[in-house]
Amino acid sequence: MSTPPGYQSPTVSVAAALPKRSVASSVLIVPVVSVGDDDPTATVVAGSFLPDAAVREIEAALKALGAKGGSEQLTRLVVPSLPVGSVLAVGLGKSRDEWPAETIRRAAGAAARSLSGVESVLTTLSALDLEAAIEGLILGSYRFSEFRSTKTAPKDAGLRRITALTPDTKSATKDAAARAEAIATAVATARDFVNTPPSHLFPAEFAKRAKALGDAAGLEVEVLDDKVLTKDGYGGIVGVGKGSSRPPRLVRLVHRGGKGRKPTTVALVGKGITFDTGGISIKPAANMHHMTSDMGGAAAVIATVVLAARQKLPIDVIATVPMAENMPSGTAQRPGDVLTQYGGTTVEVLNTDAEGRLILADAIVRACEDKPQYLIETSTLTGAQIVALGSRTPGVMGSDEFRDRVADISQSVGENGWAMPLPEELKDDLKSTVADLANVSGSRFAGMLVAGTYLREFVADGVAWVHIDVAAPAYNSGGPWGYTPKGGTGVPTRTMFAVLEDIAANG
Ligand code: BES
Ligand code: ZN
Ligand code: MN
């Protein structure tokens, strides 16, 4: 394997004790909890890694500064007796016996986000949850500065080294640390794609970068260009892409990890609209630039299949990723046009801004030709997702059992997907007067579920499937929080990878 292009994560190591020699440039991140009800004080947790005198010094300093250990409260201290340049205390809130992984991940993320000009951190957060601490530190330290000139570029290289303190450093612990590092790196890869502007990331370039990542991870890679897509009948991808001077692509990335003659196969499909103007049904100007995130599903799917290979999951994972730019022009499709999806279903395009489902339907039909047992599709599909669930909660639809399994797993990794129904009656709203289906319903209601209903038409019988709508969760347009920066978030990469691991372990 050669070095993949793009994001390079910090090196992660585990250690049972603080170093003997002092490193003045490093920062030690120490969790503290809030103890006492009336006038709480910040108390160091996992203090056994520090000399008692240092613990007392930290607690006295926090008290003097009025820090109370509240959730994600950050206090930077100088503690000369410790072998580090400074200490960063991070609050976890009220003390508990067991720590939810997400609490540790967010605290680590908030701590990492607050540090600039720091290349090396040590932490005892890892004594509470090693993997969550490492994930949080890497995700929180993520930065994207490719498009900054020396006028505004950061002067330092960002976080380069993480030392996680943990009571045992046996090989299982090292594997866990490596797994956390790999997962966080995959999320960063997805974020990089989302953060790359549409001027620089268009279908051919996106396909090229996906191929480079796939090649480096030892995947089988296939890229279909617009000529092949036209010849083979991918009417949805071609129809959406034809308004742009930058033609569409379909990328296939295959990880063959499955054992035996009939391995478990999971299909991944992700929406790769490199920019969505709406097409002839053009969007209003306000916030249209957010549509640089309309390939967030594709980004997460590519990152996930690469991660599956890197972690050697013992199943087959096949990503099918349609990429197009939705533009208005003299060659663009019109409202009222009829196209033929891959596989033969005809569709009346009543609204060219409902383009995601058109490229996804082609990709889903193609993905089902591989006879997967499971299909996971994810996309920034509808504004209605944001209306229904807000900016941080993905909507999870699909076959009942698998949908609930995916939503549960999404909750457990902190991406917080929520199960939503696909009521049977919505299908009637997609009737067309001229074709098999219309691409939008005549009603304003349940837009997220109508989109899911449209996609369901294209999933082969017997395939357990989910559609994860991440319209808002893929892209943080508000302020940074926890381990989530502004811009691309990488959601739902961690959900999909955890589902793949669960399928690999339990079928
Ligand atoms: N890419 C948008 C959905 C979207 C909206 C993503 C806001 C992120 C933030 C999608 O292609 C779209 O335009 N959907 C339409 C569908 C409608 C025409 C049925 C929408 O949600 O308005
Ligand atoms: Zn779109
Ligand atoms: Mn659209």
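The values are calculated or read from the model by the stated rules, or taken from the named source; none is laboratory data. What you see is a predicted model, and the numbers here were worked out from it, not measured in a lab. Please note: Cβ atoms are built from the backbone with ideal geometry, for glycine as well, and neighbour counts cover all protein chains shown. The accessibility values were calculated without ligands, DNA or RNA, using every heavy atom of the protein model including side chains. Shrake-Rupley method; radii C 1.70, N 1.55, O 1.52, S 1.80 Å.
Side notes on the structure shown:
- When Ser126, Ser114, Ser141, Ser81 are screened for being in the same structural domain as Ala17 (by TED's automatic domain parsing) and more than 25 Å from the chain's Cα centre (by Cα), only Ser81 passes.
- Single unsatisfied condition, Asp226 versus (1) more than 26 Å from the chain's Cα centre (by Cα); (2) open to solvent by less than 10 Å² (accessible area, probe 1.4 Å): (2)
Here is a yes/no grid of residues against (1) open to solvent by less than 40 Å² (accessible area, probe 1.4 Å); (2) away from ligand 2 (no atom under 14 Å from the Cβ):
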site: Val306; (1), (2): yes, yes
site: Thr320; (1), (2): yes, yes
site: Asn326; (1), (2): yes, no
site: Ser329; (1), (2): no, yes
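- Verdict on Gly233 being out of contact with any helix residue (DSSP H, G or I) (no Cβ under 8 Å at 6 or more places or on another chain), farther than 21 Å from Gly296 by Cβ and small (Gly, Ala, Ser): yes
- Residues located in segment 27-42, provided they are surrounded by fewer than 19 Cβ atoms within 10 Å (Cβ to Cβ) and either of a type in the set (Ser, Thr, Tyr) or outside the structural domain of Val87 (by TED's automatic domain parsing) (or both): Thr41
- Top-ranked residue of segment 377-406 - restricted to ones that are closer than 15 Å to Val269 by Cα and small (Gly, Ala, Ser), ranked as farthest from ligand 2 (Cβ to nearest atom): Gly398
- Residue match in segment 87-100 (condition: in contact with a Phe, Trp or Tyr (Cβ under 9 Å, 6 or more places away or on another chain), crowded, with 18+ Cβ neighbours inside 10 Å and either under 12 Å from Leu137 (Cβ atoms) or small (Gly, Ala, Ser) (or both)): no
Every residue, every condition in (1) under 18 Å from Leu360 (Cβ atoms); (2) of a type outside the set (Asp, Glu), yes or no:
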| site | (1), (2) |
| --- | --- |
| Glu205 | no, no |
| Lys227 | no, yes |
| Gly243 | yes, yes |
| Leu250 | yes, yes |
| His255 | no, yes |
| Gly258 | no, yes |
| Val266 | yes, yes |
| Ile273 | yes, yes |
| Asp276 | yes, no |
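- Residue within segment 288-300 that is within 12 Å of ligand 1 (Cβ to nearest atom), farther than 26 Å from Arg209 by Cβ, part of a loop (DSSP other than H, G, I, E, B) and of a type in the set (A, V, I, L, M, F, W, C) present: no
- Within segment 336-442, strands (runs of 3 or more DSSP E) holding 3 or more residues that are more than 13 Å from ligand 1 (Cβ to nearest atom) and open to solvent by less than 30 Å² (accessible area, probe 1.4 Å): 374-379, 395-398
- Cβ-Cβ under 9 Å pairs, at least 6 apart or on other chains, segment 220-249 side of a type in the set (Phe, Trp, Tyr), far side not in a helix (DSSP H, G or I): Tyr234/Leu224; Tyr234/Pro248; Tyr234/Leu250; Tyr234/Pro322; Tyr234/Gln341; Tyr234/Tyr342
- With a requirement of 3 or more residues that are within 16 Å of ligand 3 (Cβ to nearest atom) and assigned by TED's automatic domain parsing to the domain that holds Asn351, the strands (runs of 3 or more DSSP E) lying completely within segment 217-287 that satisfy it span 272-276.
- Selection count where residues are over 20 Å from Ile162 (Cβ atoms) and open to solvent by 70 Å² or more (accessible area, probe 1.4 Å), scope segment 57-86: 10
- So Val254, is it in contact with a Lys or Arg (Cβ under 6 Å, 6 or more places away or on another chain), open to solvent by less than 50 Å² (accessible area, probe 1.4 Å) and more than 16 Å from ligand 2 (Cβ to nearest atom): no
- Filter result (in contact with a strand residue (DSSP E or B) (Cβ under 8 Å, 6 or more places away or on another chain), among the aliphatic types (A, V, I, L, M) and under 19 Å from Thr352 (Cα atoms)) within segment 284-327: Met291, Met295, Met323, Ala324, Met327
- Condition broken by Ala308, with the remaining ones in (1) at negative phi; (2) in a loop (DSSP other than H, G, I, E, B); (3) away from ligand 1 (no atom under 16 Å from the Cβ); (4) small (Gly, Ala, Ser) satisfied: (2)
- Pairing residues of segment 290-318 that are within 20 Å of Pro197 (Cβ to Cβ) with residues that are of a type in the set (Asp, Glu) and open to solvent by less than 10 Å² (accessible area, probe 1.4 Å), at Cβ distances under 7 Å and at least 6 apart in sequence or on separate chains, gives Met291/Asp276; Asp294/Asp276.
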